[in-house]
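The values are calculated or read from the model by the stated rules, or taken from the named source; none is laboratory data. Since the structure is predicted, the reported quantities are computational estimates derived from the model, not experimental observations. Note that we place each Cβ from the backbone using ideal geometry, even for glycine, and neighbour counts take in every protein chain shown.
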Amino acid sequence: MSNFPEKIKNLQNEILKLKEKHDFLILAHNYQVPEIQVIADFCADSLKLAEFAKKADSANNMIFAAVWFMAESGAILNPTKKVYIGNYEAFCPMARGAPEKLMKKIKTINPEIPLMMYINTTAAARAQADYICTSANALKIAKLINKPLINFAPDKNMAYYIQSKLNITVNPIPLKGCCIVHEKFDAKYIKNVKKDHPKALILAHPECRPEVQEITDFIGSTSQMFKFVVDSEFDEFIIATEIGLLQKLERETKNKKIYKAHDKPICYNMKKNTLESIKYVIEKQPEEYLVTVPEEIAEKNKVLLNEMIKNSQ
Ligand code: SF4
């Protein structure tokens, strides 16, 4: 915490004390700002956050510095804990593109086609799925399904990723569903960065468009990209994902050079979590920040999430 301004350090220290006093664990997604990443008990991608939340037993409360669907997964996997979100307005816009009603309709029209859903959806919508995946295990899960045709919601770019790697047909539902942050990366910009740094490897998240996926050296979740950089014998990387991961890499891999693949790769929804909002939630534990999932939806999700975690090993 030593490089932060005094005001930030004071706030971080207050949160750390409140966290002990009110018996909280802080779980942060890799897209959080650095001042939140460094005070979190655990900072990772959505799969690892779900695995951590499932096993967490050192506190009675958890706060997710993330977006709703991640906190919902934590609440479902570890129902003995109280789970809070760092800002109740932190929603993933893509998750809203595949509502429960649409997923029910798809299952009714095509009951025989497996419905695989990205975890970036609401728990209510996910309850309609046959399988759940994250960006870290999408290929593994699709391989296990072992069918030539899959319906996949809600990211068309992730659908393309699975289809192109496994040579099967993956129908994107809805047709144009995507992450507004990753959709912005374009191959031309990345090729220009590469011209300036010819030795750099290109890494991208599978939520990036096909034209970006096709020029990469590695595609993976944020935790997989982090590991790739740490383990790599190369020193320079162009990274097509949200800025939070690049900041984490710059902080934790001092000998590597990290280049942005877009001018402003920022998820403003993730950034609705702030030190101030986290302090407020831990201190006051307001009802509207408490994450609850109706029992029937939670039960269906629990089965699917546990299956996904088991199949990710
Ligand atoms: S980066 Fe994209 S998919 Fe992730 S929370 Fe933000 S909008 Fe949703």
Problem set entry | Candidate set: the range 142-167, residues that are touching a helix residue (DSSP H, G or I) at 6+ places or on another chain (Cβ under 7 Å) and part of a loop (DSSP other than H, G, I, E, B); chosen: the one farthest from residue 112 (Cα to Cα) | 155
For this session: For the range 175-201, name all the residues that are away from the ligand (no atom under 15 Å from the Cβ) and assigned to a loop (DSSP other than H, G, I, E, B).
Result: 175, 186, 197, 198, 199, 200
For this session: Please work out which residue is surrounded by the most Cβ atoms within 10 Å (Cβ to Cβ), limiting yourself to the range 89-105 and to residues that are among the charged types (D, E, K, R) and within 15 Å of the ligand (Cβ to nearest atom).
Result: 96
Exercise. Can you spot a residue in the range 216-225 that is crowded, with 18+ Cβ neighbours inside 10 Å and more than 16 Å from the ligand (Cβ to nearest atom)?
Worked result: yes
Problem set entry | Residue within the range 242-254 that is modelled with pLDDT of 95 or more, aliphatic (A, V, I, L, M) and more than 16 Å from the ligand (Cβ to nearest atom) present | yes
Exercise. Which ones in the range 1-45 are β-branched (Val, Ile, Thr) and under 28 Å from residue 181 (Cα atoms)?
Worked result: 8, 26, 33, 36, 38, 39
For this session: Could you tell me which residue of the range 264-300 is farthest from residue 225 (Cα to Cα), considering only residues that are within 16 Å of the ligand (Cβ to nearest atom) and surrounded by fewer than 17 Cβ atoms within 10 Å (Cβ to Cβ)?
Result: 268
Exercise. Of the residues in the range 27-44, how many are more than 16 Å from residue 220 (Cβ to Cβ), in a strand (DSSP E or B) and touching a Cys at 6+ places or on another chain (Cβ under 9 Å)?
Worked result: 2
Seminar exercise, completed: The helices (runs of 4 or more DSSP H) lying wholly within the range 218-313 that contain at least 2 residues that are within 25 Å of residue 202 (Cβ to Cβ) and not assigned by TED's automatic domain parsing to the domain that holds residue 127 are 222-231, 243-252
